[in-house]
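For reference, the structure is listed below as structure tokens.
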Amino acid sequence: MATPLNADQLLRALRSKGLRVVEHRSWRTHNRNDKGPWGPAHGVMLHHTVTTGTASSVELCYNGHASLPGPLCHGVIDKAGTIHLVGNGRANHAGSGDGDVLRAIIDERELPPDNQADTDGNRHFYGFECINLGNGKDPWPAAQIDAMVKAAAAICEAHGWSERSVLAHAEWQPGKIDPLGPGYPGHDDMRALVGFQLGRPAEPTPPEEDEMALTDDDIRRLATRDGIWKAPQDAADWDPNPNNPGHYWALGTHIYGTTSKVRAIEKRVASMDRKLDALATTGLTQAQIKAVATEVSRLVVPAVLDALAGRLQS
């Protein structure tokens, strides 16, 4: 069980990631704690606002509206990547969602489908509303995605959580679709980006004889080079042509997400190798067992690599 961060702790965590943070009005005491409990905290939820304009979006999330009083989140992330803090405590952002999803978040395991709305999410999740029309056409600038990743990572780090404690509104509440749109990497890849931001170690260590193996630091440098980590700043600049340099920033996201999956495959292979060693006591020799495993690898690994290559080219 995690005690929610107080205002100073939240501010310090966000700024520790180099984020630009604006304290909006009386955000430190602005909450819905009189309507229900706040905590224990279990995760970070990402939303889109279905609005345009920073000032008006921040005011909306601070004040709320006639049918839903504010704050509507803890922070608003604008297109430039600035975080505007609008609430501290219980906020009207998550609504009722799937208790099975909450249990998966607590256990930090893969999320099940959100099939029901039986659990109060406002009690358990920090929420960030990210300015985007949510129409599937409004693009997500790289600076905004970067701020979303770092904000989620900052809170996870403060609580000792992994990237498995980050989720989208669409993964919590049936019928919700946010976040989405061109430039948004997808929910799994957002978690992968948070994992890299948290500096989770890669396992196992690449073989010493592979002198060309890329380290995670190499991948970060490649994915954040000028001209790659770049996105159009508004819908008018969006061009569906994949040769448009404005699309190249997405390559960084694919590298992050794909590498995370490769690392997971490597870890599973190492585990299988240990199990093969154990099987040597069953009557088959270790050499016989590994010969079978080698043949399986010869048939399976190329298919896995082809799938990964196709993902990078998409």
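The values are calculated or read from the model by the stated rules, or taken from the named source; none is laboratory data. If you're wondering where the values come from, they're calculated on a predicted model, not measured in any experiment. Quick reminder, even Gly has a Cβ in these numbers, built from the backbone with ideal geometry, and neighbours come from all protein chains shown.
So here's what we get for this one:
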{"item": "Some residue of segment 54-70 being of a type in the set (D, E), more than 18 Å from the chain's Cα centre (by Cα) and part of a loop (DSSP other than H, G, I, E, B)", "result": "no"}
{"item": "Evaluation of D118 against (1) closer than 24 Å to V58 by Cβ; (2) free of Cβ contacts under 8 Å to residues at least 24 places away in the same chain; (3) not polar (S, T, N, Q) (one fails), failing number", "result": "(1)"}
{"item": "Any hit, segment 140-156, residues being among the basic types (K, R), more than 29 Å from Q116 (Cα to Cα) and surrounded by fewer than 24 Cβ atoms within 10 Å (Cβ to Cβ)", "result": "yes"}
{"item": "Selection count where residues are among the aliphatic types (A, V, I, L, M) and under 17 Å from N33 (Cβ atoms), scope segment 71-123", "result": "5"}
{"item": "Test: residue in segment 169-189 that is modelled with pLDDT of 95 or more, closer than 22 Å to V58 by Cα and among the aromatic types (F, W, Y)", "result": "yes"}
{"item": "Evaluation of E129 against (1) touching a helix residue (DSSP H, G or I) at 6+ places or on another chain (Cβ under 6 Å); (2) over 30 Å from T54 (Cα atoms); (3) surrounded by 13 or more Cβ atoms within 10 Å (Cβ to Cβ) (one fails), failing number", "result": "(2)"}
{"item": "Test for N132: is it farther than 25 Å from V86 by Cα and either part of a loop (DSSP other than H, G, I, E, B) or hydroxyl-bearing (S, T, Y) (or both)", "result": "no"}
{"item": "Failed criterion for E108 (all others in (1) among the charged types (D, E, K, R); (2) closer than 30 Å to A143 by Cα; (3) surrounded by 20 or more Cβ atoms within 10 Å (Cβ to Cβ) hold)", "result": "(3)"}
{"item": "Hits in segment 71-85 (condition: among the β-branched types (V, I, T) and either assigned to a loop (DSSP other than H, G, I, E, B) or outside the structural domain of Y126 (by TED's automatic domain parsing) (or both))", "result": "T82"}
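Conditions (1) buried (at least 17 other Cβ atoms within 10 Å of the Cβ); (2) farther than 14 Å from R90 by Cα; (3) out of contact with any Leu (no Cβ under 6 Å at 6 or more places or on another chain), marked per residue:
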position: T3; (1), (2), (3): no, no, yes
position: L11; (1), (2), (3): yes, yes, yes
position: S16; (1), (2), (3): no, yes, yes
position: V22; (1), (2), (3): no, yes, yes
position: N31; (1), (2), (3): yes, no, yes
position: D34; (1), (2), (3): no, no, yes
position: V44; (1), (2), (3): yes, no, yes
position: T49; (1), (2), (3): yes, yes, yes
position: T52; (1), (2), (3): no, yes, yes
